[in-house]
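What follows is a short report on a single structure.
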Amino acid sequence: MSTNRYESPLSSRYASDEMQYIFSPDKKFSTWRRLWVALARAEMELGLPVTQEQVDELEAHIEDIDYARAAQWEKKLRHDVMAHVHTYGELCPKAMPIIHLGATSCYVGDNTDVILMREGLELVRDKIVRVLAHLGDFADKYKSLPTLGFTHFQAAQLVTVGKRASLWMHELLMDLEEIEYRISTLKLLGSKGTTGTQASFLELFAGDHKKVKLLEEKIAKEMGFDAVVPVSGQTYSRKLDYNVVSTLAGVAQSASKFATDLRLLCHLKEVEEPFEKNQIGSSAMPYKRNPMRCERICSLARYVIVDVGNPAVTTATQWFERTLDDSANKRLSVPEAFLAVDAILNIWANVASGLVVHPKVIEKHVLEELPFMASENIMMDAVKRGGDRQELHERIRVLSQEAGYSVKELGQSNNLIDLMAADPIFGMTKEELSAHLDPSAYIGRCPEQVEEFLAENVAPVLKRYAEALEGEETELSV
């Protein structure tokens, strides 16, 4: 590790080795070489003067990349693609005359970007599945545990701890569907030439349009794609980068929602993220258990959400068949979005696998509010006993305000049941009134909704991507 120059925290602290490899020089430049092999092979099969010996020579040297030599060539030529053409050619002297034949720089640059984005999305997809598995276990375990629901962060009708987790999972499933769509619709640039006309390849094939089209089909097939973009300038539309980063931002939004909810629950002391035995919550306040993992999720998510603006502006400002003001921005905005989302999902999986629930605190908070929530049922019971619905409604309104005053102004417990028991209009004893204070009577179909959601929506996903759950680790570097 170098200590005298800047290094992205996404590399040194947050992102996984898997995601860092996808956007590493080794992966990038070996993919360039695979594309050159695919081009040479397709040209040979379609009758151009390329030999099997040349193709074999190129294939034999895909991985042995001399970066120092490439740097020397780039310093001399001021062109990264041609620097690697010459570096590759020095290893493959027989094939040197046909490397990059008919192609422009974007043949390797843009096609590689699509390949790397697809692999990055596949890794993100698998990590989402892991988070879903952990949250699914949590939701199932606590599907029947009543807890205060909140609207406007004010106490509302009861839900359950597991039902709330299903909301987090539902948004992740929406993200997963979006990722699956992106993966299924990604297309290679193909071999389009300098302005997208394929003129150089049409010249090579002596005006044979069919062979020009077959060239792209063969390259796409070798690189694992079903199709290439139908039309382009020199580059694929930068809207593709925008769509991919937007998809990643969707994951970031879901993660931030989860992490924010958990930070609020941590404040309430109802549910907490994992806290290790020797972990320090604050350098000044030893007693603190700050939700630092969820705070980190929110922090990284904010970065990704804002990062969408980069490919959006880049797409909007491309001139005609291409300009080069996209390149430096793309090198930053797209890989960093993947690395940040990778880091977010690593943390999310770690948190979801070790959530700590405090049922007694949850019960305490429920019972503090339950008399207010039970008032409608009490009113219906009193009507059945002969009471006047309108008079009862008005009396409950008055007594609720009195009980609220006791709680908020005097710091006392909620005494609404005692007030109702003392009021003859209700005609019920305290025991009869208290019978309405069973929290499970106010959670509606929460347990059933969780069971149905896990069986019908989550289980098929976990089955479809079962391999993603094998050998999972959620250990964090910091």
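The values are calculated or read from the model by the stated rules, or taken from the named source; none is laboratory data. Quick caveat, the model's predicted, so the values are computed rather than measured. Because the Cβ atoms are built from the backbone with ideal geometry, glycine has one as well, and the counts that use them run over all protein chains shown.
Tabulated data
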{"read-out": "Leading residue by the ranking (nearest to Glu270 (Cα to Cα)) among those in the stretch 145-184 that are assigned to a helix (DSSP H, G or I) and more than 15 Å from the chain's Cα centre (by Cα)", "value": "Val161"}
{"read-out": "Where a residue in the stretch 1-16 is farther than 19 Å from Val334 by Cα and its partner, wherever it lies, is surrounded by 13 or more Cβ atoms within 10 Å (Cβ to Cβ), with Cβ under 7 Å and at least six apart", "value": "none"}
{"read-out": "Qualifying residue in the stretch 191-205 (condition: within 30 Å of Leu345 (Cβ to Cβ), outside the structural domain of Thr31 (by TED's automatic domain parsing), charged (D, E, K, R) and assigned to a helix (DSSP H, G or I))", "value": "no"}
{"read-out": "Tally of residues being in contact (Cβ under 8 Å) with a residue 60 or more places away in the chain and either in contact with a strand residue (DSSP E or B) (Cβ under 6 Å, 6 or more places away or on another chain) or assigned to a loop (DSSP other than H, G, I, E, B) (or both) across the stretch 226-244", "value": "6"}
{"read-out": "Set Glu53, Glu43: member being part of a helix (DSSP H, G or I), acidic (Asp, Glu), more than 22 Å from Asn111 (Cα to Cα) and over 37 Å from the mean Cα position of the chain (by Cα)", "value": "Glu53"}
{"read-out": "Residue within the stretch 187-203 that is in contact with an Asp or Glu (Cβ under 7 Å, 6 or more places away or on another chain) and farther than 27 Å from Val313 by Cβ present", "value": "yes"}
{"read-out": "Only listed residue being crowded, with 20+ Cβ neighbours inside 10 Å and either in the same structural domain as Val124 (by TED's automatic domain parsing) or in contact with a helix residue (DSSP H, G or I) (Cβ under 7 Å, 6 or more places away or on another chain) (or both), chosen from Arg69, Arg33", "value": "Arg33"}
{"read-out": "Search result, residues across the stretch 315-362 that are outside any helix (DSSP H, G or I) and polar (S, T, N, Q)", "value": "Thr317, Gln318, Thr323, Ser353"}
{"read-out": "Conditions (1) surrounded by 15 or more Cβ atoms within 10 Å (Cβ to Cβ); (2) over 25 Å from the mean Cα position of the chain (by Cα); number of the one not met by Lys269", "value": "(1)"}
{"read-out": "Residues (more than 16 Å from Lys94 (Cβ to Cβ) and either without any contact (Cβ under 8 Å) to a residue 60 or more places away in the chain or buried (at least 18 other Cβ atoms within 10 Å of the Cβ) (or both)) located in the stretch 40-63", "value": "Ala42, Leu46, Glu63"}
{"read-out": "Some residue of the stretch 118-133 being over 30 Å from Pro311 (Cα atoms), in the same structural domain as Gly207 (by TED's automatic domain parsing) and either out of contact with any His (no Cβ under 6 Å at 6 or more places or on another chain) or of a type in the set (Phe, Trp, Tyr) (or both)", "value": "yes"}
{"read-out": "Residues located in the stretch 173-190, provided they are in contact with a helix residue (DSSP H, G or I) (Cβ under 6 Å, 6 or more places away or on another chain), of a type in the set (D, E, K, R) and under 19 Å from Val228 (Cα atoms)", "value": "Arg182"}
{"read-out": "Search result, residues across the stretch 134-148 that are over 24 Å from Val251 (Cα atoms) and not charged (D, E, K, R)", "value": "Tyr142, Ser144, Leu145, Pro146, Thr147, Leu148"}
{"read-out": "Residue, farthest from Thr104 (Cα to Cα), within the stretch 217-244, restricted to residues that are of a type in the set (A, V, I, L, M) and either loosely packed, with under 15 Cβ neighbours inside 10 Å or at pLDDT below 95 (or both)", "value": "Ala227"}
{"read-out": "Positions within the stretch 406-423 being farther than 15 Å from Met379 by Cβ and of a type outside the set (Asp, Glu), in sequence order", "value": "Ser406, Val407, Lys408, Leu410, Gly411, Gln412, Ser413, Asn414, Asn415, Ala422"}
